[in-house]
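Q: Would you mind keeping the following structure in view while I ask a few things?
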Amino acid sequence: MNIAVFDSKSYDVESLSPYQGKDGINYKFFEAKLNEDTVTLAKGFDGVCVFVNDNVNAYVITKLYEYGCRIIALRCAGFNNVDVDYARGRIAVARVPAYSPHAVAEHAMAMLLTSVRRIHKAYIRTRDYNFSLNGLTGFDLYGKTVGIIGTGRIGSAFADICNGFGMNVLAYDSVPNPRPDIKYVTKDELFERSDIISLHCPLSEETHHLINAEALCRMKKGVIIINTSRGALIDTECLVKELLSRRIGGACLDVYEEEGDIFYEDKSGHIMNDEVLARLISMPNVIVTSHQGFLTKEALSNIAQTTHFNIKSLE
């Protein structure tokens, strides 16, 4: 089988290279994202391998089906960028449901610690030989209440980390994962009681803009919000307003709802046209990373292994 790998980066090539030619599967890497304009690149291939910002809508699926593609293999857990209902009966869709929950959970905690202990500011200061501690006062995580929305593999791993810090863990999930060290509460109670809120749920019609104006108004003054799942879980414009009003204490964002044409690319030589993202990045109490929670050697290895297995299983 010949597979077209879209939105590929150097780490994708490196992680999939051990599987090149194995089991009769050959990979060709394209830097372009898969969308309506680039789908013609899939001609002559038996399937495509895509990532989070590829747009596999009905039009793209129709073209892939016409080209004889038999599988859409996602290198990620989320599949909100694929019209799965339209693909049904036309072309197989496979994903990587669990590559390394610890990678994402640890990144969420790394962002939180960086934020509350002002590590990013201290790093910049000491690079300039400024060793002043003024303005770097943080707070202990021990004893604080963290609210986790979504307690699947990643949310549960994050709960384990928080328990290790001596935090009080609250959780909300439409399908609870009963554990003695997690107290499940309603969304409203979680919003009202949490000092820190971390999102670990998939993006769907039900969770789109889960964090909106109403939810933000219910939260404690000074709450820290973490999102390592999908950008559209948060109404970003509402978040910006609450950050500007000083009601929200800070945000740690590894994802952004309009990240598609920005993240994973070097934009350092360009003017940032996205005013909302530019404003977020300018705020000293906001940390933005470029959807890198998955980016560990272990996770990349697991993603490649599962992706190859999914394609092989089509035979």
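The values are calculated or read from the model by the stated rules, or taken from the named source; none is laboratory data. Remember, predicted model here, so these are calculated numbers, not experimental data. Cβ coordinates were reconstructed from backbone atoms using ideal geometry, including for glycine residues, and neighbour counts include every protein chain displayed. Heads up: the accessible areas ignore ligands, DNA and RNA and are worked out on the full protein's heavy atoms, side chains in. Shrake-Rupley method; radii C 1.70, N 1.55, O 1.52, S 1.80 Å.
Q: Hey, could you check segment 53-78 for residues that are touching a Lys or Arg at 6+ places or on another chain (Cβ under 8 Å) and assigned to a loop (DSSP other than H, G, I, E, B) and say which is farthest from Phe294 (Cα to Cα)?
A: Asn55
Q: Please give the number of the condition Arg230 fails out of (1) free of Cβ contacts under 8 Å to residues at least 40 places away in the same chain; (2) under 12 Å from the mean Cα position of the chain (by Cα); (3) open to solvent by 30 Å² or more (accessible area, probe 1.4 Å).
A: Here Arg230 clears every test but (1).
Q: Right, here's the next one. Is it fair to say Leu136 is in contact (Cβ under 8 Å) with a residue 12 or more places away in the chain, under 24 Å from Glu189 (Cα atoms) and not polar (S, T, N, Q)?
A: Working: in contact (Cβ under 8 Å) with a residue 12 or more places away in the chain: yes; under 24 Å from Glu189 (Cα atoms): no; not polar (S, T, N, Q): yes.
In short, no.
Q: When residues of segment 49-97 are filtered for being among the small types (Gly, Ala, Ser) and under 20 Å from Tyr256 (Cβ atoms), how many remain?
A: Taking segment 49-97 as the starting set, the residues that turn out to be among the small types (Gly, Ala, Ser) are 58, 68, 73, 77-78, 87, 89, 92, 94.
Checking which are under 20 Å from Tyr256 (Cβ atoms) leaves us with 77-78.
Number satisfying all stated conditions: 2.
Q: Would you call Asp23 charged (D, E, K, R), out of contact with any helix residue (DSSP H, G or I) (no Cβ under 8 Å at 6 or more places or on another chain) and touching a residue at least 24 places away in the same chain (Cβ under 8 Å)?
A: Values: charged (D, E, K, R): yes; out of contact with any helix residue (DSSP H, G or I) (no Cβ under 8 Å at 6 or more places or on another chain): no; touching a residue at least 24 places away in the same chain (Cβ under 8 Å): yes.
Taking the combined requirement at face value, the residue does not satisfy it.
Q: Which of the residues belonging to segment 251-283 are crowded, with 20+ Cβ neighbours inside 10 Å and outside any loop (DSSP other than H, G, I, E, B)?
A: Those that are crowded, with 20+ Cβ neighbours inside 10 Å and outside any loop (DSSP other than H, G, I, E, B): Ala251, Cys252, Leu253, Leu277.
Q: Taking Lys43 as the residue in question, decide whether it is closer than 24 Å to Phe263 by Cα, at pLDDT 95 or above, among the basic types (Lys, Arg) and open to solvent by 20 Å² or more (accessible area, probe 1.4 Å). Step through it out loud before you land on a result.
A: Numbers: closer than 24 Å to Phe263 by Cα: no; at pLDDT 95 or above: yes; among the basic types (Lys, Arg): yes; open to solvent by 20 Å² or more (accessible area, probe 1.4 Å): yes.
Against the criterion (closer than 24 Å to Phe263 by Cα, at pLDDT 95 or above, among the basic types (Lys, Arg) and open to solvent by 20 Å² or more (accessible area, probe 1.4 Å)), Lys43 does not qualify.
Q: Tell me which residues, restricted to segment 19-52, are part of a loop (DSSP other than H, G, I, E, B) and over 28 Å from Ser229 (Cα atoms).
A: Of segment 19-52, the ones part of a loop (DSSP other than H, G, I, E, B) are 20-21, 25, 30-38, 43-46, 51-52.
Once the filter is applied, which keeps residues that are part of a loop (DSSP other than H, G, I, E, B) and over 28 Å from Ser229 (Cα atoms), segment 19-52 yields Gln20, Gly21, Ile25, Lys43, Gly44, Phe45, Asp46.
Q: Now a separate question. Take Asp188 and tell me if it is part of a helix (DSSP H, G or I) and either acidic (Asp, Glu) or open to solvent by less than 10 Å² (accessible area, probe 1.4 Å) (or both). Break it down stepwise before answering.
A: Details: part of a helix (DSSP H, G or I): yes; either acidic (Asp, Glu) or open to solvent by less than 10 Å² (accessible area, probe 1.4 Å) (or both): yes.
Considered against the rule, which asks whether it is part of a helix (DSSP H, G or I) and either acidic (Asp, Glu) or open to solvent by less than 10 Å² (accessible area, probe 1.4 Å) (or both), Asp188 comes out as yes.
Q: Could I ask something else about it? I'd like to know if segment 177-185 contains one or more residues that are over 19 Å from Asn212 (Cβ atoms), in contact with a Phe, Trp or Tyr (Cβ under 6 Å, 6 or more places away or on another chain) and open to solvent by less than 30 Å² (accessible area, probe 1.4 Å).
A: Scanning segment 177-185, I find no residue that is over 19 Å from Asn212 (Cβ atoms), in contact with a Phe, Trp or Tyr (Cβ under 6 Å, 6 or more places away or on another chain) and open to solvent by less than 30 Å² (accessible area, probe 1.4 Å), so the answer is no.
Q: Which one is modelled with the lowest pLDDT among residues in segment 284-315 that are surrounded by fewer than 14 Cβ atoms within 10 Å (Cβ to Cβ), in contact with a helix residue (DSSP H, G or I) (Cβ under 9 Å, 6 or more places away or on another chain) and not in a helix (DSSP H, G or I)? Explain how you work it out, then say what you get.
A: If we filter segment 284-315 for residues that are surrounded by fewer than 14 Cβ atoms within 10 Å (Cβ to Cβ), which is where we start, we get 284, 297-298, 313, 315.
Applying the additional criterion that residues be in contact with a helix residue (DSSP H, G or I) (Cβ under 9 Å, 6 or more places away or on another chain) yields 284, 297-298, 315.
Adding the requirement that they be not in a helix (DSSP H, G or I) leaves 284, 315.
Working: Pro284: 94, Glu315: 72.
My answer is Glu315.
Q: Still on this structure: Could you tell me whether any residue of segment 80-103 is out of contact with any Pro (no Cβ under 7 Å at 6 or more places or on another chain), among the aromatic types (Phe, Trp, Tyr), part of a strand (DSSP E or B) and without any contact (Cβ under 8 Å) to a residue 60 or more places away in the chain?
A: No, that holds for no residue.
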